[in-house]
Amino acid sequence: MNVNDSDWLARSLTDLGYIEAAYADADIHILNTCSVRDKPENKVYTELGQIRLLAKANPQRDIMACVGGCVAQQVGEKLFARSKELRLVFGTDGIAATPAAIDMLAQNPGQKLALLDFSKEFTERDPKILSAPASPSAFVNIMQGCDNFCAYCIVPFVRGRQKSRAAAAILQECRSLLEHGRREITLLGQNVNSFGQDAQGDGSSFTDLLRQVAALPGLARLRFMTSHPKDMAPELIAAFADLPNLAPRLHLPLQSGSDRILKAMGRKYDLRRYMSLVRGLREARPDLQLSTDIIVGFPGEDEEDFEATLSAMQEADFAASFSFAYSDRPGARASQMPDKIPHKLALQRLARLQAWQDKNASRILEARTGSDTTVIIEGGSLKNEMPDNAVAHQSWHGKDPYGFSVNIAVPPERHIQAGDLVNVRITGTGRHTLKGELE
Ligand code: 5AD
Ligand code: SF4
């Protein structure tokens, strides 16, 4: 979501006449922050310190810093006291107004501004669709915020309550992206499964929305994230069986394999429910790959709880997992819980879990050799090595339905361009990539 927001900011500022510059040459420095884990506040202070040094070394230049996103929302106007150069603090709902605010501040050197209010409705913004996009894939926000208040999580505090975007606006943005050459769309939200189920929703369910997006002309591949297991509807599982352009890949955060810890986390599902979802999904789509998020070292987690997580991971056969040592987040309930786990122990558990995951991911990747897949072409090169400048061979790359990069050898006579959907036979693997040849 932050990557998408940062890209949008860059496009909007380019539209206003600003130019992207290298760090040392830039007069405006924008830090878009995430505070879901670790110590993001400290990273912001370190960056502001660096900008301070740059400003001191260049007293003739008017160097301005802006801090946005979740750390800005969390710390608020107090951030101004940290840095003379800091002149704009914008929260998660303030981003739509940020390009105009930066432009105003650039013309009024003495001024400072904070955009920290939560809006009641999803804030629409001009998507700034590129006519010649560098990538065939695009993100589309479908909602903002979250109502779940999982015990460890800061998101509901820094992104506010859930606000669904109107389905008509989402469809319009998707249509327009496809008309401008995109082939793959990822729908984004903190909990996409509860799309439409809030005061701002217009009655459509997430599955309704997904089916409407999937039917748009020109869409080769559709993805979405993130799903909450408690809200995963049977209709959504069925969509995996009958929407051919829905990618066979789902990110379904498990967080822990221990029912006791899941309850303490406030996740509102148990391992049985999670595994029945996994079975249903694999029945609907036998080639489905699952990925997940795991927190180790949640307060009170003992060796048995951790073992339960490891065995759940094996049973679910995750192709990838994003795993983190628990960290206290200000305001989140778990920060007040007793029985905190020593960080060193959490890191040891994390290393065990990641070692298993690495092996499983390699096994899944290696098993692909010899199989057929489809690739959306992102870019490539022609090799003109022959004396008469004839094309000797072509090498193209793109993504398969699981999101893996595939390098493809293409015969010289074949005409290929970015955005094409091609059939490929997998011939081998790199460390995290695949090699293939055109069918
Ligand atoms: N500590 C560690 N990991 C966390 N996550 C969220 N909050 C915390 C926390 N306090 C992880 C969860 C979530 C992912 C985005 O970040 O696994 O799914
Ligand atoms: Fe955080 Fe839970 Fe909401 Fe996900 S569902 S953003 S983990 S509160």
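Which of the residues that make up region 119-145 are among the charged types (D, E, K, R) and within 11 Å of ligand 2 (Cβ to nearest atom)?
Going residue by residue through region 119-145, those that are among the charged types (D, E, K, R) are 120-121, 124-126, 128.
Matches in region 119-145: none.
Could you check region 1-38 and list, in sequence order, the residues that are assigned to a loop (DSSP other than H, G, I, E, B) and charged (D, E, K, R)?
Correct list: 20, 27, 37, 38.
Restricting to region 237-258, what's the tally of residues that are at negative phi and within 16 Å of ligand 2 (Cβ to nearest atom)?
6
Quick one: count up the residues across region 274-311 that are within 15 Å of ligand 1 (Cβ to nearest atom) and either under 14 Å from residue 352 (Cβ atoms) or of a type in the set (D, E, K, R) (or both). Quick ask: steps written out before the conclusion?
Kept after step one, since they are within 15 Å of ligand 1 (Cβ to nearest atom), are these residues of region 274-311: 274, 290-301, 306, 309.
Narrowing the set further to residues that are either under 14 Å from residue 352 (Cβ atoms) or of a type in the set (D, E, K, R) (or both) leaves 293-294, 296-297, 301, 306, 309.
Within region 274-311, residues that are within 15 Å of ligand 1 (Cβ to nearest atom) and either under 14 Å from residue 352 (Cβ atoms) or of a type in the set (D, E, K, R) (or both) number 7.
So which residues in region 168-203 are of a type in the set (Gly, Ala, Ser), surrounded by 17 or more Cβ atoms within 10 Å (Cβ to Cβ) and out of contact with any His (no Cβ under 8 Å at 6 or more places or on another chain)? Step through it out loud before you land on a result.
From region 168-203, those of a type in the set (Gly, Ala, Ser) are 168-169, 176, 181, 189, 194, 196, 199, 201, 203; that's our starting set.
In the following step, the residues that additionally are surrounded by 17 or more Cβ atoms within 10 Å (Cβ to Cβ) were identified as 181, 189, 194, 196, 201.
Within region 168-203, 181, 189, 196, 201 meet the criteria.
All but one of (1) at pLDDT below 95; (2) within 16 Å of ligand 1 (Cβ to nearest atom) hold for residue 227; which doesn't?
Here residue 227 clears every test but (1).
Which one is modelled with the highest pLDDT among residues in region 74-85 that are under 27 Å from the mean Cα position of the chain (by Cα) and at negative phi?
Going residue by residue through region 74-85, those that are under 27 Å from the mean Cα position of the chain (by Cα) are 74-76, 79.
Then drop every residue that is not at negative phi, which leaves 74-75, 79.
Details: 74: 93, 75: 94, 79: 97.
In this case the residue turns out to be 79.
Based on what the data block shows, is residue 52 under 28 Å from residue 327 (Cβ atoms) and at pLDDT below 95?
no
Out of the residues in region 157-167 that are among the small types (Gly, Ala, Ser) and crowded, with 18+ Cβ neighbours inside 10 Å, which is nearest to residue 127 (Cα to Cα)? Explain how you work it out, then say what you get.
Step one: of region 157-167, the residues among the small types (Gly, Ala, Ser) are 160, 164, 166-167.
Among the residues that remain, those that are also crowded, with 18+ Cβ neighbours inside 10 Å are: 160, 164, 167.
On the way: 160: 22, 164: 17, 167: 15 Å.
It comes out as 167.
If you take the residues in region 146-161 that are in a loop (DSSP other than H, G, I, E, B) and free of Cβ contacts under 8 Å to residues at least 60 places away in the same chain, which one is nearest to ligand 2 (Cβ to nearest atom)?
Let us first name the residues in region 146-161 that are in a loop (DSSP other than H, G, I, E, B), namely 146-154, 159-161.
From what's left, free of Cβ contacts under 8 Å to residues at least 60 places away in the same chain: 146-147, 161.
Values: 146: 3, 147: 7, 161: 11 Å.
This residue is 146.
Is it true that some residue in region 338-353 is surrounded by fewer than 19 Cβ atoms within 10 Å (Cβ to Cβ), of a type in the set (Asp, Glu), touching a residue at least 12 places away in the same chain (Cβ under 8 Å) and closer than 30 Å to residue 219 by Cα?
no
Residue 260 - would you say it is in contact with a helix residue (DSSP H, G or I) (Cβ under 7 Å, 6 or more places away or on another chain), more than 22 Å from residue 240 (Cα to Cα) and away from ligand 1 (no atom under 13 Å from the Cβ)?
yes
Which ones in region 198-232 are within 16 Å of ligand 2 (Cβ to nearest atom) and more than 22 Å from the chain's Cα centre (by Cα)? Reasoning before the result, please.
Taking region 198-232 first, the residues within 16 Å of ligand 2 (Cβ to nearest atom) are 198, 206, 224-232.
198, the sole residue that qualifies.
Quick one: is residue 394 buried (at least 17 other Cβ atoms within 10 Å of the Cβ) and of a type in the set (S, T, N, Q)?
yes
Whether any residue in region 96-112 is part of a strand (DSSP E or B), closer than 30 Å to residue 330 by Cβ, more than 16 Å from ligand 2 (Cβ to nearest atom) and over 18 Å from the mean Cα position of the chain (by Cα) is what I want to check. Show your work before the answer.
Just the residues of region 96-112 that are part of a strand (DSSP E or B), to begin with: none.
Scanning region 96-112, I find no residue that is part of a strand (DSSP E or B), closer than 30 Å to residue 330 by Cβ, more than 16 Å from ligand 2 (Cβ to nearest atom) and over 18 Å from the mean Cα position of the chain (by Cα), so the answer is no.
State whether the residues of region 238-249 include one that is under 18 Å from residue 140 (Cα atoms), buried (at least 18 other Cβ atoms within 10 Å of the Cβ) and either in contact (Cβ under 8 Å) with a residue 40 or more places away in the chain or of a type in the set (Lys, Arg) (or both).
yes
The values are calculated or read from the model by the stated rules, or taken from the named source; none is laboratory data. Because the structure is a prediction, the values reported are computed rather than measured. Using ideal geometry, Cβ is built from the backbone for each residue, glycine included, and neighbour counts are taken over all protein chains shown.
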